[in-house]
Amino acid sequence: MVKRFEDLKVWQEARVFCKMIFKISQREKFYNDFALKNQIRRASGSIMDNIAEGFERDGNKEFIQFLSIAKGSAGECRSQLVRAYDCNYINKEELGEMGEQIIRISKMLSSLIKTLKQSEHRGRKYK
């Protein structure tokens, strides 16, 4: 039973991904590209933050809306990873590994959205 957003597997995976992004963006060349570094850090953090905020809203419709925003941020991260690769900030293996991770997160978000849309439970605030 999920009682807190921290219990959600998708939030846990988003947290791992966010830590990966912060680690690679500490490298000197990447770190000095302030625009891309800040943008990818914000986008990766946005995934886990929007999952948390939506969960805390206590209603399925709002949760779905925030999960959709998180999914958009996941897409943004995928694009930014390609930019980081094109700038030689990450190698092909890292692009593949992190790309697979963010696609997995995106699929998990899609699955959770679908489940919530099909659920008759509307959320805790509607009890």
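Do you know which residues across segment 1-24 are in contact with a Ser or Thr (Cβ under 9 Å, 6 or more places away or on another chain) and touching a residue at least 24 places away in the same chain (Cβ under 8 Å)?
Val10, Ala14, Phe17, Cys18, Met20, Ile21
The rows are residues; the columns are (1) assigned to a helix (DSSP H, G or I); (2) in contact (Cβ under 8 Å) with a residue 24 or more places away in the chain; (3) polar (S, T, N, Q); (4) under 14 Å from Ile113 (Cα atoms).
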| site | (1), (2), (3), (4) |
| --- | --- |
| Asp49 | yes, no, no, no |
| Glu53 | yes, no, no, no |
| Lys61 | yes, yes, no, yes |
| Gln65 | yes, no, yes, yes |
| Gln80 | yes, yes, yes, no |
| Tyr85 | yes, no, no, no |
| Tyr89 | no, yes, no, no |
| Glu93 | yes, no, no, no |
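Consider Met98 carefully, then state whether it is in contact with a helix residue (DSSP H, G or I) (Cβ under 8 Å, 6 or more places away or on another chain), part of a helix (DSSP H, G or I) and buried (at least 18 other Cβ atoms within 10 Å of the Cβ).
yes
Pull up segment 18-55, narrow it to residues that are farther than 19 Å from Ser110 by Cα and among the acidic types (Asp, Glu), then point me to the one that is modelled with the highest pLDDT.
That would be Asp33.
The values are calculated or read from the model by the stated rules, or taken from the named source; none is laboratory data. The structure displayed is predicted, hence computed values, not measured ones. Glycine gets a Cβ as well: all are built from the backbone with ideal geometry, and neighbour counts include every protein chain shown.
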